[in-house]
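Asks: Here it is: the structure, laid out below.
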């Protein structure tokens, strides 16, 4: 037995899912991605010493900004009044920075796409800020690591 896809109507057309009958609950999602570069490049990123400026600050703001506008870039996403977005960076290895985004909303639908898009754009921003000094950049491991919902009163 195959399940019906929620973004496809009976005629096979792509549609926005009707969430109007779902309850309003607190929803949280966490995503991660890894930005890879030479150790010397990552040292400069962590020190805020790049020709284009403080890459982590710019990437954090880019991730937050895009999370608030996912509906404008992914066609069938709902417009969500986000309650919170956080983007953090940690040195995961000599040649890797782990990017994590956490998104929270009290709504009828989840915030996974917002978290995933935030880490993706933060990683791309790091790429843009370092491409002039390092030609061997990569991004990997972009994934959702947490999706939860709780009652708004919790």
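Asks: For the range 125-142, enumerate the residues that are within 13 Å of residue 34 (Cα to Cα) and in contact with a helix residue (DSSP H, G or I) (Cβ under 8 Å, 6 or more places away or on another chain).
Replies: 125, 126, 137, 139, 142 - these are the residues of the range 125-142 that are within 13 Å of residue 34 (Cα to Cα) and in contact with a helix residue (DSSP H, G or I) (Cβ under 8 Å, 6 or more places away or on another chain).
Asks: Then there is this: Please enumerate the residues belonging to the range 128-154 that are surrounded by fewer than 18 Cβ atoms within 10 Å (Cβ to Cβ) and part of a helix (DSSP H, G or I).
Replies: 128, the sole residue that qualifies.
Asks: Could you list all residues from the range 98-113 that are in a strand (DSSP E or B) and under 16 Å from residue 77 (Cα atoms)?
Replies: Residues satisfying the conditions are 103, 104, 105, 106, 107.
Asks: Could I ask something else about it? Residues in the range 101-123: is at least one farther than 16 Å from residue 144 by Cβ, in contact with a helix residue (DSSP H, G or I) (Cβ under 7 Å, 6 or more places away or on another chain) and in contact (Cβ under 8 Å) with a residue 12 or more places away in the chain?
Replies: no
Asks: Can you confirm whether residue 119 is touching a strand residue (DSSP E or B) at 6+ places or on another chain (Cβ under 7 Å), surrounded by 20 or more Cβ atoms within 10 Å (Cβ to Cβ) and in a strand (DSSP E or B)?
Replies: In short, no.
Asks: With (1) within 28 Å of residue 149 (Cβ to Cβ); (2) out of contact with any helix residue (DSSP H, G or I) (no Cβ under 6 Å at 6 or more places or on another chain); (3) exposed (fewer than 13 other Cβ atoms within 10 Å of the Cβ) as the list, and residue 49 as the residue in question, which single condition is left unmet?
Replies: (1)
Asks: Can you name every one of the helices (runs of 4 or more DSSP H) wholly within the range 15-89 that holds 1 or more residues which are within 20 Å of residue 143 (Cβ to Cβ) and in contact with a strand residue (DSSP E or B) (Cβ under 9 Å, 6 or more places away or on another chain)?
Replies: 55-67
Read-outs: derived from the displayed coordinates by stated rules, not from any lab. A quick note: this is a predicted structure, and the numbers were derived from the prediction, not measured. We place every Cβ from the backbone using ideal geometry, glycine too, and count neighbours over all the protein chains shown.
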